[in-house]
Amino acid sequence: MIILGIETSCDETAVSVVRSEKNKIEVLSNAVSSQVELHAKWGGVVPNLAAREHLKNMLPVLEEALNDAGITKDDVDLISVTEGPGLIPALLVGTNFSKTLSYLWKKPLLGIHHIEGHIYANFANNTEIEFPVLALVVSGGHTQLVLMKDHLEYEVIGQTQDDAVGEAFDKVARILDLGYPGGPIISAQAQKFKESPDSQLSNHNSRITLPRPMLNSPDFNFSFSGLKTAVLYAVKELKEKNSKKEFENLIPEISHEFQQACIDVLIKKTMKAAKKHNPKTILIAGGVSANRELKLQLKDATEKELANTKFESPEFEYSLDNAAMIAIAGCFRWEKMNDSERQKCEKNWKNLQASSSLKMNKIH
Ligand code: KG4
Ligand code: ZN
């Protein structure tokens, strides 16, 4: 079966072709047109600009995905599109484009939850993942611990009470005047500190110490807004006490301490949830799963603390927003559907609605 995935929930226009065959999922193409540079000027994603870019890029990206996969429209069996959550102007482009294709090409259409897609990015070229799964979802809009007893069954057992962790990375980068998106920039700065002679010294005096919010709370929830505010105050103080040059030299250390504060709470809560629910697999999903240090430390903690649990993470190209993950989730949904549910998908060119606050678990 050949699935065409389409994703436009934020600032990437993405189209992918995925082939599923007897327990094997193969990504044939994964075309992404990023708008990062455009939005960087504004310090964040501007929804109407994103929609305009999606409109411009949708057809060329579709053509690229079909060409890279070496298929034509006739080979497509199912179209799978991000239905929500996300920015409405951006989602409308992808959903309406997909509805048009579904109508013209006479192919069934399936709406997918963006976070479900991120979770299923782990299944790209890898179907060996065993259930129950505990998914740590870390993106620009979500920070959640999701327990999955089986495919497509989600129970959110913990989540952020305020900012998402990716959002905190973006805001801290703004406080430090480093640009957008913050995640990759902060993690590069943190790495610079880690590799510096300073950090290697056993008697290194930390010049910044940040809180680990909710580290010891009895639940599986998170909070990142206070951490961001703590960075704001610490930066203000450091700027007063140091020259401009001296302050600039402190940025790698501030980034490292902030990143480590995030990692400490994410790992502690994930381990705590795993000890209660005994998953066979812990996986990480969402844009922040591109963070190398988070992946390394979570893998390490899983191996040290949980004898019967495996750690999985998506390959880098499927960590950030992409359409392969949407096609893969669509493939698992289709598998689970009965004939009448599948028939309904043939009318989705009429019925599918983009939703900015879509809930997981809805089957179409
Ligand atoms: O999943 P994603 O691409 O979009 C949403 O669904 O929100 O996630 C984007 C978020 C941004 O906040 C970005 O700063 C963060 O992921 N991010 C990272 C890294 N790469 C992207 N955060 C930390 N470390 C990274 N290397
Ligand atoms: Zn995302």
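Overview of values
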| item | result |
| --- | --- |
| Residue list for region 212-236, filter: in contact with a helix residue (DSSP H, G or I) (Cβ under 6 Å, 6 or more places away or on another chain) and assigned to a loop (DSSP other than H, G, I, E, B) | 212, 213, 215, 220, 224 |
| Some residue of region 203-223 being among the β-branched types (Val, Ile, Thr), free of Cβ contacts under 8 Å to residues at least 12 places away in the same chain and under 28 Å from residue 162 (Cα atoms) | no |
| Condition met for residue 255 (touching a residue at least 12 places away in the same chain (Cβ under 8 Å), of a type outside the set (Asp, Glu) and either within 18 Å of residue 159 (Cβ to Cβ) or surrounded by 13 or more Cβ atoms within 10 Å (Cβ to Cβ) (or both)) | yes |
| Leading residue by the ranking (farthest from ligand 1 (Cβ to nearest atom)) among those in region 161-178 that are buried (at least 23 other Cβ atoms within 10 Å of the Cβ) and β-branched (Val, Ile, Thr) | 172 |
| Selection from region 272-294 of residues that are among the small types (Gly, Ala, Ser), assigned to a strand (DSSP E or B) and away from ligand 1 (no atom under 16 Å from the Cβ) | none |
| Pick from region 70-111, criterion assigned to a loop (DSSP other than H, G, I, E, B) and within 23 Å of the chain's Cα centre (by Cα), ranking: surrounded by the fewest Cβ atoms within 10 Å (Cβ to Cβ) | 85 |
| Options 152, 210, 215: the member that is assigned by TED's automatic domain parsing to the domain that holds residue 270, closer than 25 Å to residue 332 by Cα and either away from ligand 1 (no atom under 13 Å from the Cβ) or in contact with a Gly (Cβ under 9 Å, 6 or more places away or on another chain) (or both) | 152 |
| Condition met for residue 290 (outside the structural domain of residue 14 (by TED's automatic domain parsing) and either closer than 18 Å to residue 30 by Cβ or in contact with a Phe, Trp or Tyr (Cβ under 6 Å, 6 or more places away or on another chain) (or both)) | yes |
| Top-ranked residue in region 112-146 [being surrounded by fewer than 22 Cβ atoms within 10 Å (Cβ to Cβ) and in contact (Cβ under 8 Å) with a residue 12 or more places away in the chain; ranked as nearest to ligand 2 (Cβ to nearest atom)] | 141 |
| Residue match in region 122-139 (condition: in contact with a Leu (Cβ under 7 Å, 6 or more places away or on another chain), assigned to a helix (DSSP H, G or I) and within 16 Å of ligand 1 (Cβ to nearest atom)) | yes |
| Enumeration of residues in region 337-356 that are surrounded by 12 or more Cβ atoms within 10 Å (Cβ to Cβ) and not in a loop (DSSP other than H, G, I, E, B) | 341, 342, 344, 345, 348, 349, 351 |
| Selection count where residues are surrounded by fewer than 17 Cβ atoms within 10 Å (Cβ to Cβ) and not in a helix (DSSP H, G or I), scope region 179-211 | 12 |
| Where residue 300 falls short, out of the listed (1) over 20 Å from the mean Cα position of the chain (by Cα); (2) buried (at least 19 other Cβ atoms within 10 Å of the Cβ) | (2) |
| Residue within region 270-282 that is within 19 Å of the chain's Cα centre (by Cα) and within 30 Å of residue 107 (Cβ to Cβ) present | no |
| Tally, over region 9-41, of residues that are surrounded by 22 or more Cβ atoms within 10 Å (Cβ to Cβ) and more than 12 Å from ligand 1 (Cβ to nearest atom) | 9 |
| Of residues in region 17-69 being in a loop (DSSP other than H, G, I, E, B) and over 18 Å from residue 97 (Cβ atoms), the one modelled with the lowest pLDDT | 23 |
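The values are calculated or read from the model by the stated rules, or taken from the named source; none is laboratory data. Small disclaimer: the values here were computed from a predicted structure and weren't measured. Reconstructed Cβ throughout: ideal geometry from the backbone, glycine too, with neighbour counts over all protein chains shown.
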